[in-house]
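Visitor: I am attaching a structure below and will ask some questions about it afterwards.
The values are calculated or read from the model by the stated rules, or taken from the named source; none is laboratory data. Small disclaimer: the values here were computed from a predicted structure and weren't measured. Glycine also receives a Cβ, built like all others from the backbone with ideal geometry; neighbour counts cover every protein chain displayed. Protein only, heavy atoms only, side chains kept; ligands, DNA and RNA dropped before computing areas. Shrake-Rupley method; radii C 1.70, N 1.55, O 1.52, S 1.80 Å.
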Amino acid sequence: MSDKGKIIVTGGAGYIGSHCVVDLQLAGYTVIVLDDLSNSEIGVLDGIAAISGVRPVFHQVDICERSALRAILKEHRDAFGVIHFAAFKAVGESVEKPLAYYANNLGGLLSLLDTMSEFGLDNLIFSSSCTVYGQPAELPVTENAPVQPAQSPYGNTKQICEEILQDAVAANLFRGVISLRYFNPVGADPSALIGELPLGIPNNLMPFITQAAAGLRTELKVFGGDYNTPDGTPIRDYIHVSDLAEAHRLALERLINKEQSSAYEYYNIGTGRGSSVLEVIQAFERVSGIRLKYKIVDRRPGDVEQVWADTTKANEILGWKARRTLDEMAASAWAWEKKRVESRE
Ligand code: NAD
Ligand code: WQD
């Protein structure tokens, strides 16, 4: 396999990062993973190796620890750039522990940027989120929609991180920075060798569904059936994690080929299609053959009614398009859950 160059991936043992590492390695990049394993397991590297045939170089490090990070980036200063996934991501937990979220998500980015600029690493891809749009006035939401006041400390960290990146680029500290605003990543690699590892009771819909189907949760609650949507349940743009991984590679290649029109760019990464909670449940039932028991209960505080992406910008400029269907998302999430159940037995 040709070596296309070295890329550093923070949070590369995590859910989205691990799928991105697989995609990059299959495309011929050499990947260096930095992760403190605060929300992942070392065994993820075995899955990555089994799928892609390559075990990435791994450094267990908290990126907030500047001296440790400095030694690693010094060693890998020949890398083209960094894809930065490492952050805390649980919305509810961020309300209870705001300081931990600001410290890790802002502190991690600042420590990374400072150290990158010291070693001349001047290209970065950042994991942002559709949460920056809140409930948009117009759907599908384009990148021109205003960023709305954040609903949680977690959401606020994404907004502040994007502002930090814009300021750093304006000061010419970095050559190319791309923020990818993910919609709702779900599913797993078709091998079922890597996937999402939620800690405790999942907050997100798809892992709750698969755990309920596996008998690990008693009842699936649908949070709200009285929204102004066709079936009364909220609508989201669910995107297969493997499609999301590919978007990172294409964004990276835009930086490598120096194709940017501006040093800081940002893109919506979704499918462009919205699905309601009940449609996700139906897709799961269709692909698994399992009938789910669910109950419609009160709305979950802070939830927006409906949001899905206009992906024209990513389609036309990055040359990227999500290809996988909602059924493929549900089927791969279920295959991964079943594998985990077997490994626990
Ligand atoms: P994840 O928790 O599975 O992965 C994050 C990884 O970063 C974990 O392996 C964790 O151990 C590591 N990490 C956290 N803090 C660290 C630190 N200080 N130093 C080193 N490693 C650290 O989460 P994910 O779902 O893969 O999300 C990846 C990124 O995408 C995050 O920035 C998240 O906010 C963002 N994002 C996620 C979603 C989603 O729904 N999953 C949606 C939008 C944006
Ligand atoms: C989807 C829909 C729930 C669980 C969150 C973050 C967002 C981003 C992605 C990181 C909603 C409903 C859920 C359940 C349910 N993450 N639901 N029963 O809230 O769109 O986005 O993850 O950036 O920032 O907020 O995703 O999967 O939690 O919920 O009815 O047991 O499923 O109410 O309508 P959400 P989700």
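Visitor: Condition check: open to solvent by 20 Å² or more (accessible area, probe 1.4 Å) and either β-branched (Val, Ile, Thr) or assigned to a strand (DSSP E or B) (or both). Does Thr218 satisfy that?
Guide: yes
Visitor: For the stretch 221-254, how many residues are of a type in the set (D, E, K, R), under 22 Å from Pro140 (Cβ atoms) and in a helix (DSSP H, G or I)?
Guide: 2
Visitor: Restricting attention to the stretch 296-313, does a residue exist that is farther than 29 Å from Gly225 by Cα and open to solvent by 50 Å² or more (accessible area, probe 1.4 Å)?
Guide: Yes, the conditions are met somewhere in the stretch 296-313.
Visitor: How about the stretch 64-93: which of its residues are touching a strand residue (DSSP E or B) at 6+ places or on another chain (Cβ under 8 Å), within 16 Å of ligand 2 (Cβ to nearest atom) and farther than 13 Å from Val31 by Cα?
Guide: Within the stretch 64-93, Phe85, Ala86, Ala87 qualify.
Visitor: Just wondering, is there one or more residues in the stretch 255-264 that are more than 21 Å from Thr131 (Cβ to Cβ), assigned to a helix (DSSP H, G or I), without any contact (Cβ under 8 Å) to a residue 60 or more places away in the chain and out of contact with any Leu (no Cβ under 7 Å at 6 or more places or on another chain)?
Guide: No, the stretch 255-264 contains no residue that is more than 21 Å from Thr131 (Cβ to Cβ), assigned to a helix (DSSP H, G or I), without any contact (Cβ under 8 Å) to a residue 60 or more places away in the chain and out of contact with any Leu (no Cβ under 7 Å at 6 or more places or on another chain).
Visitor: Among the strands (runs of 3 or more DSSP E) lying completely within the stretch 27-100, list those that include at least 1 residues that are out of contact with any helix residue (DSSP H, G or I) (no Cβ under 9 Å at 6 or more places or on another chain).
Guide: Once the strands (runs of 3 or more DSSP E) in the stretch 27-100 are filtered for at least 1 residues that are out of contact with any helix residue (DSSP H, G or I) (no Cβ under 9 Å at 6 or more places or on another chain), what remains is 57-60.
Visitor: On to the next question. Can you pull out the residues in the stretch 99-116 that are under 20 Å from the mean Cα position of the chain (by Cα) and away from ligand 1 (no atom under 13 Å from the Cβ)?
Guide: Answer for the stretch 99-116, where residues must be under 20 Å from the mean Cα position of the chain (by Cα) and away from ligand 1 (no atom under 13 Å from the Cβ): just Leu113.
Visitor: Further question on the same structure: Can you find, within the stretch 5-31, the residue that is nearest to ligand 2 (Cβ to nearest atom) among those that are among the hydrophobic types (A, V, I, L, M, F, W, C) and over 18 Å from Leu109 (Cβ atoms)?
Guide: Ala13
Visitor: Out of (1) within 16 Å of ligand 1 (Cβ to nearest atom); (2) over 24 Å from Arg249 (Cβ atoms), the odd one out for Glu162 is which?
Guide: Every condition holds for Glu162 apart from (2).
Visitor: Looking for whichever is open to solvent by 30 Å² or more (accessible area, probe 1.4 Å) and either away from ligand 1 (no atom under 15 Å from the Cβ) or more than 15 Å from Met329 (Cα to Cα) (or both) here; the options are Glu265, Glu279. Which one fits?
Guide: Glu279
Visitor: Go through the residues of the stretch 20-27 one by one and say whether even a single one is more than 18 Å from the chain's Cα centre (by Cα) and near ligand 1 (Cβ under 8 Å from one of its atoms).
Guide: no
Visitor: Sticking with this one: Could you tell me how many of the residues in the stretch 274-283 are closer than 12 Å to Thr325 by Cα and in contact (Cβ under 8 Å) with a residue 60 or more places away in the chain?
Guide: 2
Visitor: How many residues, within the stretch 151-186, are of a type outside the set (Gly, Ala, Ser) and away from ligand 2 (no atom under 12 Å from the Cβ)?
Guide: Residues in the stretch 151-186 being of a type outside the set (Gly, Ala, Ser) and away from ligand 2 (no atom under 12 Å from the Cβ): 14 in total.
Visitor: Now, a different point. Just need a number here: residues in the stretch 140-163 that are assigned to a helix (DSSP H, G or I) and open to solvent by less than 40 Å² (accessible area, probe 1.4 Å).
Guide: Of the residues in the stretch 140-163, 8 are assigned to a helix (DSSP H, G or I) and open to solvent by less than 40 Å² (accessible area, probe 1.4 Å).
Visitor: Is it true that Leu109 is over 18 Å from Asn204 (Cβ atoms), away from ligand 2 (no atom under 12 Å from the Cβ) and either touching a residue at least 24 places away in the same chain (Cβ under 8 Å) or among the acidic types (Asp, Glu) (or both)?
Guide: Here the answer is yes, as Leu109 does meet what is asked.
Visitor: Further question on the same structure: How many residues, within the stretch 175-204, are surrounded by fewer than 22 Cβ atoms within 10 Å (Cβ to Cβ) and either over 22 Å from Gln135 (Cβ atoms) or more than 10 Å from ligand 1 (Cβ to nearest atom) (or both)?
Guide: Summing the residues that are surrounded by fewer than 22 Cβ atoms within 10 Å (Cβ to Cβ) and either over 22 Å from Gln135 (Cβ atoms) or more than 10 Å from ligand 1 (Cβ to nearest atom) (or both) in the stretch 175-204 gives 11.
Visitor: So Leu24 ticks every box in (1) buried (at least 24 other Cβ atoms within 10 Å of the Cβ); (2) touching a Ser or Thr at 6+ places or on another chain (Cβ under 8 Å) but one. Which box is left unticked?
Guide: (2)
Visitor: Among the numbered criteria (1) touching a residue at least 40 places away in the same chain (Cβ under 8 Å); (2) more than 16 Å from ligand 2 (Cβ to nearest atom), which single criterion is violated by Arg236?
Guide: (2)
Visitor: I'm trying to understand the selection: among the residues of the stretch 54-65, which are open to solvent by 70 Å² or more (accessible area, probe 1.4 Å) and more than 9 Å from ligand 1 (Cβ to nearest atom)?
Guide: Listed by number, the list holds a single entry, Arg55.
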